[in-house]
Structures are given as structure tokens and as C-alpha cells.
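To keep things clear, I will list the structure first and then write my remarks on it.
A short reminder: the numbers here are calculations on the coordinates, not readings from a lab. All values reported here derive from a predicted model rather than from experimental measurement. Here the Cβ positions follow ideal geometry from the backbone for every residue, glycine too, while neighbour counts run over all protein chains shown.
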Amino acid sequence: MRLSTAADRDDERGVAVILAALDAGATLLDSADAYAHDDRDVGHNERLIARALASWGGDRAQITVATKGGMRRPKGAWVSDGLAKHLREACDLSRRALGVDTIDLYQLHAVDPKTSIETSVRALAKLQEEDKVREVGLCNVTVSDIRAAQSIVAIASVQVSLSPLDDENLRNGVAEYCRDNGILLIAYRPLGGVNVKRIARDAVLSKVAAKHRASAEEVALAWLISFGNGIMPIPGATRVETASSLTRALEVELDEEDRHALDAQFSGRLLRVPRAQRRPRDDADGEVVIVMGMPGAGKSTLARELEANGHQRLNRDAIGGSLAKLALRLSDVLAADNRRVVLDNTYPTRKSRSEVIETAWEHGVPVRCVWLTTDVANAQVNSIHRMLDAHGSLPTPEDIRQRGKQDTRYLSPDAQFRYERMLEPPTLDEGFVSVDVRGFVREPEHGDERALILDFDDLIGMSAPALLPEDVVIEPMRRETLSRWAADGWRVFVHAWRPQVAREQTTIQDVDACFAKLRELIDIDVDVACCPHDAGPPVCWCRKPIPGSVLEFAMRRGVALTQSIVVASSAADRTMSERIGARVESTSSFFS
């Protein structure tokens, strides 16, 4: 890649590097149409490969040329495009750049979040049917992605990052799945990418390297090669000297002692030792329970129930540190012969869960999973309740930044969305003895008051936001309607969104003056709240449809939201009403 993306690239040097790699014994040249400076330069790397192969004196039939499609480079950015039309066009351009009728291995560069992987893979399958590509591969995928693709076409290869410094694809099951299903795993960044200097500093690698009179980098490549023909590391050399050193990496023969030491240091046990030999009996004494779910899903409640029944609870929020350190703590607990443990963290990925499973297995303890499938809306409500219980009022973004460092109840509003983006649903093939899926159950409300919930500008019938007290007017019919409801025992809550405060187009004092004017005009007891934060990704819990301000009002006034009414004209109000379980009525019908 860097032969074509580096600012100081040199085509002659690039061809020389490729030739040196071929002479050193490389059998796979991995490229992409997007390995270029920008979209005006697409195919640069493929053209370099074509030039090198045309001048090489070796056996071209022994070389596999792999390239990728599914990425655009507008103004040098990296933008996924998995649409069938783009992939067809990209494949034809790659064939032309490589000077071939059929590409040996054509890979989906990345899963496009805007396009289903099935759509993209169907396009690759069609290219294979048309003999434009010989084999189909995937890059940067999960086990579930691979399975989805296999339902459409045979997958020959999966390209993911894998190195002594990066065990994610050992822990997330991708490497094991590829091995068990005869899929070639192409390991990019096998020397750690920008962290390559850490390879040379590693004590275990250095010791093995000294024994073999090799470099630590050569031993790192030899370790990956030692897993068998199913793993193909691609070091991505940029200098003739490093490309030539591939010969020495291929000549390093690790013995059992070397492999054992390296496997222990770099999670190689996950691929070297068959799962059946690592896994304890399902009926073995004790259990480790992973309670997983997004923030606000209710994990703590369930964990406390298990704790009351004799499980020792390990929670990162309480203990501190990383999930990896928590796994070490789990090892200590199990070693002390406490064989009933519950861990209630988010655990959205197979990798994060793998560390718990493998730690428990090393101590002969089976693991079961309880997955709380709370949706974002209900998790937001739960999170807001926790923050209100802790502090008595809705936290500001600054409160979240400061308190969140010590108190995990204070989380940002996008925490649940991040979890959803990361989520790999738990499956039995990860090693669980069972996966118990539990849906959300809303807790009963504690208040019995009823309320009308209205938007400030919607109430006064303004097409533009009222920023000054003199802008605030209300029709007599609307005032009379509110008075009737208030006289019947309904509380009134009014919310205003004022991004103009963040933009310094008005002030909180002006907003308060507008609220005071409203109270004067309607002459009833009314609760008010303002969100002063700007548009864009939410940084607060008070901007609708997030119901923070409404929940704060309900807690303060003892309001049962399921017995209340949201008077709505906007999509945000209607969405908010669904999240809190309130009835919704349109503004026009309510005031008619």
C-alpha cells in the first residue's frame, strides 16, 4: 500500500521492492485499486505490480495477485462503497490496470455500513460467474460477516490484521473460523504497523531471535507462518532490504520450545490448541456468568441477584482498569477456589468475551452468557434514571465529562449507539454452555400525577423560535385549553430547545425571561426546561427525542408518564412519547 500512498513515493523504487520480494520467495502480491493518492490516481499500485511482473524472470504461474474493490478515495479520503455498480466498475478498472482478463483473487475491501454485505458479495459472485475474478475474498470482517457471505458464494480468503501485537482476530474467532473452514487468512500488519518498534523490544521475540541468529521481525513472521498454510502474512515492505529479508523469515524453523514461548506471550494457544482440549466439561464444578448488554440495560440488577445467591461479582466500574485486567482478576479469584463468579460489563464483541471464556477454561470452569437485549430507547431511560438517582438533577455535558471519570453512571448520550455499532451477538460457538436472551422489562412507575408535555414554540404557535420576552404570545383558546386541563388536576411541562444559546445568539437569561412571560400569560403553575445545546451528535441528555428533561420533571413531581400526554407536532416529540410510554396527541387536535 505505502508504495503508492506515501507522499514521497517513487515508482522505480516501488517496482524494485516488488521484484526483491518475488526473488525472496513471496507468492502473494496483495493490492487494491484504492492504493493511490486520491480518486484521480486509482489503480496506481496495480499498475506497479503489472510493471514488476512484466519484467520478472520467475514463474508467473506461482504468483497469486490479489486486489480489492469497494473503497473510493475522494480528495484522498477513504470512503467505503459496496454498491454493486461501483464494484463492477472497479473490477473492470483493476483488470485493465493489472493487464489481466481474470483477477486471481478479488476482495471486498471493507463492509460498507450503508450497504448490506449480502448486496456487495452478490456483486462479487456475479463477477466470478462472468470469469472476471477467479476467487472471492473479504477484508476486515467478523465471523457473522463471513457466514453471511458464504451463503452466497465460496469465500477463498479473509484478510484481517494479525500480529504478535494484535490478537483481536485470534480472540474474536475469525482466525479459528477460517482454519476450520479451509479459508486462507491473509494477515496484514503482521509486524504491528506503526508499532513495529515494539517487536524489536519484546523480550520473548528477542530471545528466540538470538537463538536463531535472526531479527525479532523475522521471528514474528516465522511465528505466524508456523500455524500452517492457512495463514499468509503480508509484511508490506517499502525498501528493497526489508523485502529481501523475507528469505530469512522463511528459513527460520521454530522448534516446540520456541512456539510454546511465543504462543504464551501472544495468545497463540487460541489457534494452536484445539478447542476440545481447552474447554472444560459443561457439567464441571462452578460457573462464570457473563451478563452482557448496552449501558443502561439493567446488568447491575441481575448481577446483584446472582451475587446474593453466592456468586462473586467482578465489575470494571467498581474495580477499575481494563477488561483485560479484569480477566487477570478473574484468574486470581478462580485460583483462590471461588468457582462461582459473575461479570456484568458491556462485552459487545467476541474478543472482549473471549478473554473471560479462556481465563475460565484455564481453570476448568464453564461459562454461560446472559444477554440483556434492551433497546436504545429503554437503555437511555434507564441511564437517565440512574443519573437522576445519583445526583437529583440532569447532568450537563461538563458534568458528564468530569463525573464520568470516577462515576460510570455518568455516560455520554452516544454510549448506547456505540455499543450497537460494536455488537457481535453472543453465540454458543464462542464456548458458552448456554446463551440466555432476556428482553427488557420496564419497572413500574412510582408517581400517580398526570401531565401535559408540550414544546414551547409549538405551544405559542411560533414558526420561528421566540428568543425575547416580547416574542412570546399565546392565543386565548390555547390559554383556556391549558387552564381547563390544569383545573382538572393535570400538571403542565413545557420544554424549549435553544441551540441559539450555544451559538451565542441569545442567552439563558433571555430564555428564562421568555419562560417568565409564558407563566404570566397563562397564569397557571407550569414547569419549564430548556436544552441550550447545539444541533449535531448529541452531547446532552436534554435534547429531544432524548427524554432527560421530561424524566427529571416526572421524578420531581411524581408524574406517571404512562398516564400522561405528549402534545406533539414534531417527529422528535412523537419519538420521545414512545420512549417514555406516554400517549401522544397532535397539537392541532389538542387545541381545536
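Of the residues Ile183, Ile524, Ile103, the one with the fewest other Cβ atoms within 10 Å heads the list, and the complete ranking is Ile524, Ile183, Ile103. Amide H to amide H distances under 5 Å link Val492 with Leu452, Asp527, where only residues 5 or more positions off or on other chains count and H is placed in the peptide plane. Here the mean projected area of the convex hull built on the C-alpha positions of region 215-303 is 10.2 nm².
Quick one: net charge around Val528, please, counting Lys, Arg +1 and Asp, Glu -1 for every other residue with C-beta under 15 Å from its C-beta. Combined, the nearby Lys, Arg, Asp and Glu give -3. Starting from the Cα of Asp255, step 7 Å toward the Cβ, then list every residue of region 207-222 with an amide N under 11 Å from that point. The answer is 212, whose backbone nitrogens lie closer than 11 Å to the label point. About its Cα centre, the dipole of the chain is roughly 620 debye, where the only charges are +1 on Lys and Arg Cβ and -1 on Asp and Glu Cβ.
Orientation-averaged projection of region 451-590 equals 7.9 nm² [convex hull of Cα atoms, one quarter of hull surface area]. The modelled label-to-label distance between Leu428 and Thr408, using points 7 Å beyond Cα along the C-beta direction, is 3.0 nm.
Listed by chain and number, the lysines whose C-alpha is less than 23 Å from the C-alpha of Lys207, apart from same-chain residues fewer than 8 away, are Lys197.
Once the Kirkwood radius over Cα pairs is known for region 83-211, the Stokes-Einstein relation at 20 °C and 1.002 mPa s delivers a diffusion coefficient of 133 µm²/s. The local environment of Gly293, defined by Cβ-Cβ distances under 9 Å, has a net charge of +1 under the rule Lys, Arg +1 and Asp, Glu -1. For region 279-438, the dipole from Cβ point charges (+1 on Lys and Arg, -1 on Asp and Glu) about the Cα centre works out to 340 debye, to the nearest 20. On the basis of the beta-carbon distance and an R0 of 30 Å, Leu83 and Val273 show a calculated FRET efficiency of 0.10. Put the Cα centre of region 175-218 next to the Cα centre of region 452-508 and the gap is 64 Å.
By other beta-carbon atoms within 10 Å, ranking Met232, Met422 with the fewest at the front produces Met422, Met232. Taking a quarter of the surface of the Cα convex hull of region 2-161 gives a mean projected area of 9.1 nm².
Helical content of the chain, expressed as a calculated mean residue ellipticity at 222 nm, amounts to -12500 deg cm²/dmol (DSSP H runs of 4 or more residues, -39,500 (n - 2.57) each, divided by residue number, nearest 500). With just the Cα atoms defining each centre, how far is region 520-592 from region 1-39? Give it in Å. What the calculation gives is 58 Å, centre to centre.
Net charge within 11 Å of Ala54 by Cβ-Cβ distance, Lys/Arg positive one each and Asp/Glu negative one each, not counting Ala54 itself? That sum, taken over residues with Cβ under 11 Å, equals +3. Stretching the chain fully between Ser55 and Thr238 yields a gain of 64.0 nm (0.36 nm per residue, less the alpha carbon separation).
Convex hull volume per residue, computed on the Cα atoms of the chain, equals 188 Å³. With the charge dipole of the chain set up from +1 on Lys and Arg Cβ and -1 on Asp and Glu Cβ about the Cα centre, the Cα lying farthest toward the positive end among the listed residues Leu314, Thr359, Trp485 is that of Thr359. Overall, region 451-590 carries a charge dipole of about 440 debye about its Cα centre when +1 sits on the Cβ of Lys and Arg and -1 on the Cβ of Asp and Glu, all other atoms neutral.
Over region 279-438, all Cα pairs binned in 10 Å intervals from 0 give whole-percent P(r) values of 11, 39, 34, 14, 2, listed from short to long.
Rounded, prolate or oblate: which one fits region 431-521, using the alpha carbon gyration tensor with axes a ≥ b ≥ c (rounded when a/c is under 1.5, else prolate when a/b beats b/c, else oblate)?
Working: a/c = 3.53, a/b = 1.67, b/c = 2.11.
Taking the square roots of the gyration eigenvalues as a ≥ b ≥ c, region 431-521 is oblate.
For region 50-129, rounded, prolate or oblate, judged on the Cα gyration tensor with a ≥ b ≥ c (square roots of eigenvalues), a/c < 1.5 rounded, else prolate if a/b > b/c? Verdict is prolate for region 50-129.
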